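Notes follow once the structure below has been shown.
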Amino acid sequence: MQISLTERALGTLDCDALLVTFTGGELPSSLKTLDETMGGQISRLMKAGRLSAERGAMSEIFTPEDVGPVRVVLLGLGEQELDPVQLRDACADALRGLSCRGMERIAVDLSAVQTQARALVEGLLLGAYRFRGYADEQKPGVNLLLLGSVDGSPLPGSVEEAVRQGEISGRAVIAARDLVNEPGNRLTPSAFAERASDMASERDLSCTVFDEHDLKEMGMGLLLGVSAGSAEPPRLIELRYECGHDAPTLVLAGKGLTFDSGGISLKSRENMGAMKMDMGGGAAVFGAMQVLADLRPGMNVVGLICASENLPDGRAQKPGDVVQACNGMTVEIISTDAEGRLVLADVLADAVGRLSPDWIVDVATLTGSASVALGDQAAALVSDNDDLAGAIERAAAASGEKVWRLPAYSEYAEALKSDVADLKNSGGKTAGTIKGGLFIRAFAGGLPWAHLDIAGVAWTDRDKGIHSKGGTGYAVRTLAALPDAMMT
Ligand code: BES
Ligand code: MN
Ligand code: ZN
């Protein structure tokens, strides 16, 4: 998809549709000249009450042959100005509709939504998104977005920067979705690492990949234990953004299980294929680092993605095994399906020792319990640090993604005590999301830490608003907003 902001009058440009939003039943004045060219057709329909101003309503008016756009699509945004979440969703639904009908070149009038151009661009990009896939036949869809005003009247200078930010953030969410949607046989841990190093090499971001030999030397027994049953070697991917001056460091750690079969504690066969999405946390870190490299906040950020498969074979770890993390702590395996916390524990322990960060935030599709508790509407936040949790809540409010904090009572951690090791990796059926978080906390070295469980939100089965079927790219925008939220 190509996006360009133009000073030319959109009403004269050759395109499949000119999308014009309007609020409160009033058409933007930028439509006046085009309306005159069309013999006052648009304003007549408006007066006759034939153009619905309801939120999400689309009215389509075909233009005469000599007019650039084939049609004008009027998108109602309701009576009052929408908040950014509603605007993103409305624009996304509109674009999805046009794209599904095979339209390729869309012009969008920004004059009525100048102050919300960032949300608008995010909505347009995300609504038009679809995973390319591997079918021979490719359906046509939107591939060009021309942004500006219908009559070429100048937009405020701030619009350009807002469009740039919207494009950076939208594209990063798309990159994360592409990773999540990629089949497990194609996005192996090493392929994930290659994607990360390609992404980093295109920007001011450094990428280091630790392979299975490095991980062995580093003593990462929990990560290696999880990958032991797989023929694909694991990778620890490190993406580093440096802000260029003496500044504190935030670590973002993402669970990157490119496929989770459950291991010896094998999952049931129904829907097991969905577990290719178990690297959604890693994809969120990938996307967030992509945004941060372009928007350059005043804080150092290190993104860590632990990429592994979890499969059962003769070498796989077994319930009852005891494994050792790189900081020396031992863990009794109760369920090989509680693997996310194991890989993250090792990664956090390594980060604490090697990077001495100031804060650690991990993000993972960690527990089915997160969707039992919150459904598909919010990520679960677990943290014992009110400042960091508050910053994440502010970042989520800014991005429009929902997070809901669960209590990190230390009493819950008692369920993780083992008779034979420092900890066990599962603490029974209740409060699963909290216990999963508290397990990881035990490896954060007492640093300010927070955990986002995105198991309920990283994948969706329906097209709605900014989310299209498949990977959602959830948490990319919240994590990308976090450094700024922490500094305010
Ligand atoms: N990847 C799963 C969690 C998951 C479930 C993500 C559904 C997305 C959708 C995770 O590794 C897992 O298997 N968790 C177990 C933990 C249990 C064994 C303590 C779970 O939720 O059942
Ligand atoms: Mn699992
Ligand atoms: Zn998993």
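The values are calculated or read from the model by the stated rules, or taken from the named source; none is laboratory data. These numbers were taken from a predicted model, which means no experiment stands behind them. Please note: Cβ atoms are built from the backbone with ideal geometry, for glycine as well, and neighbour counts cover all protein chains shown.
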Query - Options GLY298, GLY303, GLY287, GLY282: the member that is touching a helix residue (DSSP H, G or I) at 6+ places or on another chain (Cβ under 8 Å), touching a residue at least 60 places away in the same chain (Cβ under 8 Å), in the same structural domain as GLU212 (by TED's automatic domain parsing) and within 16 Å of ligand 2 (Cβ to nearest atom) - result: GLY282
Report summary line: By residue number, the members of the range 149-180 that are over 14 Å from the mean Cα position of the chain (by Cα) and within 10 Å of VAL291 (Cβ to Cβ) are GLN165
Query - Count of residues meeting criterion [within 14 Å of ligand 1 (Cβ to nearest atom) and either out of contact with any Leu (no Cβ under 6 Å at 6 or more places or on another chain) or closer than 30 Å to ALA389 by Cα (or both)] in the range 229-263 - result: 9
Requested in this report: For residues that are assigned to a loop (DSSP other than H, G, I, E, B) and buried (at least 24 other Cβ atoms within 10 Å of the Cβ), scanning just the range 327-337, find the one that is farthest from ligand 2 (Cβ to nearest atom).
Outcome: ILE333
Report task. Taking ASN271 as meeting all but one of (1) more than 14 Å from ligand 3 (Cβ to nearest atom); (2) surrounded by fewer than 23 Cβ atoms within 10 Å (Cβ to Cβ), write down the number of the exception. Result -> (1)
Report task. Keeping to the range 300-318, report how many residues are buried (at least 18 other Cβ atoms within 10 Å of the Cβ) and either away from ligand 3 (no atom under 16 Å from the Cβ) or part of a strand (DSSP E or B) (or both). Result -> 11
Requested in this report: Look at ALA283 and say whether it is in contact with an Asp or Glu (Cβ under 9 Å, 6 or more places away or on another chain), surrounded by fewer than 24 Cβ atoms within 10 Å (Cβ to Cβ) and more than 19 Å from PRO357 (Cα to Cα).
Outcome: no
Requested in this report: Out of ASP387, ASP321, ASP376, ASP362, report the one residue that is assigned by TED's automatic domain parsing to the domain that holds SER197, among the acidic types (Asp, Glu) and within 16 Å of ligand 3 (Cβ to nearest atom).
Outcome: ASP362
Report summary line: Inside the range 100-134, the number of residues satisfying the requirement of being among the small types (Gly, Ala, Ser) and over 25 Å from the mean Cα position of the chain (by Cα) is 4
Query raised in the report: If only one of GLY123, GLY166, GLY102 is of a type in the set (Gly, Ala, Ser), in contact with an Asp or Glu (Cβ under 7 Å, 6 or more places away or on another chain), modelled with pLDDT of 95 or more and farther than 14 Å from GLN2 by Cα, which one is it?
Result: GLY123
Report task. Examine the range 438-451 for a residue that is surrounded by fewer than 16 Cβ atoms within 10 Å (Cβ to Cβ), more than 12 Å from ligand 1 (Cβ to nearest atom) and more than 19 Å from the chain's Cα centre (by Cα), and state whether such a residue exists. Result -> yes
Requested in this report: Being touching a strand residue (DSSP E or B) at 6+ places or on another chain (Cβ under 7 Å) and near ligand 1 (Cβ under 9 Å from one of its atoms) is the filter here, so list the residues in the range 264-282 that pass it.
Outcome: ALA274, MET275, MET277, ASP278, GLY280
Report task. Provide a single number: the residues in the range 244-275 that are under 19 Å from PHE286 (Cβ atoms) and away from ligand 2 (no atom under 16 Å from the Cβ). Result -> 5
Report task. Kindly list, by first and then second residue, each pair from a residue in the range 340-353 that is within 14 Å of ligand 3 (Cβ to nearest atom) to a residue that is among the β-branched types (Val, Ile, Thr), limited to pairs with Cβ atoms under 6 Å and residues at least 6 apart or on different chains. Result -> ARG341/ILE440; LEU342/VAL226; VAL343/VAL226; LEU344/ILE440; ALA345/ILE440
Requested in this report: Might you let me know whether the range 350-367 holds any residue that is farther than 25 Å from GLY473 by Cα, acidic (Asp, Glu) and buried (at least 20 other Cβ atoms within 10 Å of the Cβ)?
Outcome: yes
**Report entry** Complete set of residues in the range 283-299 that are away from ligand 3 (no atom under 16 Å from the Cβ) and touching a strand residue (DSSP E or B) at 6+ places or on another chain (Cβ under 7 Å)
**Finding:** PHE286, ALA288, MET289, LEU292, ALA293, MET299
**Report entry** Positions within the range 306-350 being more than 16 Å from ligand 1 (Cβ to nearest atom), touching a helix residue (DSSP H, G or I) at 6+ places or on another chain (Cβ under 9 Å) and of a type in the set (A, V, I, L, M), in sequence order
**Finding:** ALA325, MET329, LEU348, ALA349
Query raised in the report: Quick check: anything in the range 251-273 touching a residue at least 60 places away in the same chain (Cβ under 8 Å), in contact with a helix residue (DSSP H, G or I) (Cβ under 9 Å, 6 or more places away or on another chain) and part of a helix (DSSP H, G or I)?
Result: no
Report task. Please enumerate the residues belonging to the range 338-368 that are away from ligand 2 (no atom under 16 Å from the Cβ) and polar (S, T, N, Q). Result -> SER356
